[in-house]
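Down below is the structure, laid out as structure tokens.
The values are calculated or read from the model by the stated rules, or taken from the named source; none is laboratory data. Because the structure is a prediction, the values reported are computed rather than measured. Here Cβ is always computed from backbone atoms with ideal geometry, including for glycine, and neighbour counts include all displayed protein chains.
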Amino acid sequence: MPKVLMGRLTAELWLPNLLHKFRNAGWEIAISEDEPTLSEKTLLAAVGDVDAVLAHNADQWTATVMDAAPQLRVISRTGVGFDNVDLLAAQERGIVVTTTPGSNAEAVADLTLALMLALARKLIVNDQRLKQGVWDPILANDLHFKTVGILGLGRVGRAVARRAAAFRMEILGYDPFVEPSDLTEANIQAVDPDTLYQSSDFVTLHLPSTPETAGLVNARVLGLMKSSAFLINTARGSLVDEKALAAGLQEGQIAGAGLDVFSTEPVTASPLVGFPNVIASPHLAGNTKETMEFTGAMAVDNALAVMSGDWPDEVVVNEVYSPRSTRTQTS
């Protein structure tokens, strides 16, 4: 009987109506009740006889953890990111890593636009003043006809572009993995990064967390941006040099920021959330009731597919050489 492991938070948020899929397939389900997500200590104690895992983005899948899981064949992420999984270690051990591409793209794009609107119209500060009894609106700015620069034009970036087009915004884009001709067809003007930073009223990040993108938005980049521009990050906190951003906000290099992600999560103390011109949220861009149900269903189906010998190419993110792992298989 195959066994799947997940943390309490994963079971409660993503899978309350989906666990029957595992049961119907004859799987044993193990839910860690001690922690909402799975720490390395918990994982080391729990993975010895596990064949599959549904992994939250806070669960750290290191080589050490994988070595303690000799039967593990698939790590199925409940999301699109995989920076919490050591892909090389998984590949070396024949462990398939899957994600749920596209499952939350529209939700993330919705929040991105919401942050742009709230910052442009000074919605939060005007709300706070009114609740304090101050009827003295702070003059704000339009969103339509402004320029948005989108870094990363995968599913989320393009979903943001569609929304921006509805506001008749000029759309600039940069993605080294997308042909400029493809962007032109989507009414996105392909530019180099520096031109994007210099020309945009809103710079929004939709890139993965990699060694190459770490600290992408640094003091130099902030110096290129307009003093009236806003930075939006609904991707990964590691993309932004947070010390440089705090300094830039303090010095008025940019007008403000909308941040859904941070370099360390959960945030317990960050100077960024204290700025009145920063709107912060607790990494919720991709989490709506509808999206989480869809994401959970994809994650369950991915695990079941891999374990049954199917090979869902579009969701596998590491280059495991074969759908049939050399690891121990259970019936």
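Among the helices (runs of 4 or more DSSP H) contained in segment 1-120, which hold 2 or more residues that are farther than 15 Å from Met292 by Cβ, in contact with a Phe, Trp or Tyr (Cβ under 7 Å, 6 or more places away or on another chain) and in the same structural domain as Thr204 (by TED's automatic domain parsing)? I'd like the intermediate steps shown before the answer.
On the way: elements: 8-13, 19-24, 40-46, 63-67, 87-92, 105-120.
So the answer is 105-120.
Give segment 152-175 a look and list any residue that's assigned to a loop (DSSP other than H, G, I, E, B) and either in contact with a helix residue (DSSP H, G or I) (Cβ under 6 Å, 6 or more places away or on another chain) or of a type outside the set (Asp, Glu) (or both), or say none. Please lay out each step first, then the result.
First, pick out the residues of segment 152-175 that are assigned to a loop (DSSP other than H, G, I, E, B): 152-154, 167-169, 175.
Of everything in segment 152-175, those that are assigned to a loop (DSSP other than H, G, I, E, B) and either in contact with a helix residue (DSSP H, G or I) (Cβ under 6 Å, 6 or more places away or on another chain) or of a type outside the set (Asp, Glu) (or both) turn out to be Gly152, Leu153, Gly154, Phe167, Arg168, Met169.
Can you find a residue in segment 249-262 that is of a type outside the set (Lys, Arg), closer than 20 Å to Ala55 by Cα and surrounded by fewer than 17 Cβ atoms within 10 Å (Cβ to Cβ)? I'd like the intermediate steps shown before the answer.
Narrowing segment 249-262 to residues of a type outside the set (Lys, Arg): 249-262.
Checking the rest, the ones that are also closer than 20 Å to Ala55 by Cα come to 261-262.
Narrowing further to those that are surrounded by fewer than 17 Cβ atoms within 10 Å (Cβ to Cβ): none.
So far as segment 249-262 goes, no, none of its residues is of a type outside the set (Lys, Arg), closer than 20 Å to Ala55 by Cα and surrounded by fewer than 17 Cβ atoms within 10 Å (Cβ to Cβ).
So which pairs qualify, if the first residue must be in segment 179-191 and in the same structural domain as Leu151 (by TED's automatic domain parsing), the second must be surrounded by 12 or more Cβ atoms within 10 Å (Cβ to Cβ) and at pLDDT below 95, the Cβ gap must be under 6 Å, and the two must be at least 6 apart or on different chains?
Pairs that qualify, where the first residue is in the same structural domain as Leu151 (by TED's automatic domain parsing) and the partner is surrounded by 12 or more Cβ atoms within 10 Å (Cβ to Cβ) and at pLDDT below 95, are Ala190/Pro180; Ala190/Leu183.
Collect the residues in segment 168-205 that are acidic (Asp, Glu) and either closer than 21 Å to Leu222 by Cα or surrounded by 15 or more Cβ atoms within 10 Å (Cβ to Cβ) (or both), keeping them in residue-number order. Before you say what the answer is, go through the steps one by one.
Here is the first cut: in segment 168-205, the ones acidic (Asp, Glu) are 170, 175, 179, 182, 185, 192, 194, 201.
Once the filter is applied, which keeps residues that are acidic (Asp, Glu) and either closer than 21 Å to Leu222 by Cα or surrounded by 15 or more Cβ atoms within 10 Å (Cβ to Cβ) (or both), segment 168-205 yields Glu170, Asp175, Asp192, Asp194, Asp201.
Please go through (1) under 30 Å from Pro266 (Cβ atoms); (2) touching a Leu at 6+ places or on another chain (Cβ under 6 Å); (3) in a loop (DSSP other than H, G, I, E, B) for Val178 and return the number of the only condition it doesn't satisfy.
(1)
Conditions first: (1) modelled with pLDDT of 95 or more; (2) more than 20 Å from Gly154 (Cα to Cα); (3) assigned to a loop (DSSP other than H, G, I, E, B). Thr264 passes all but one, so which condition is the exception?
Every condition holds for Thr264 apart from (1).
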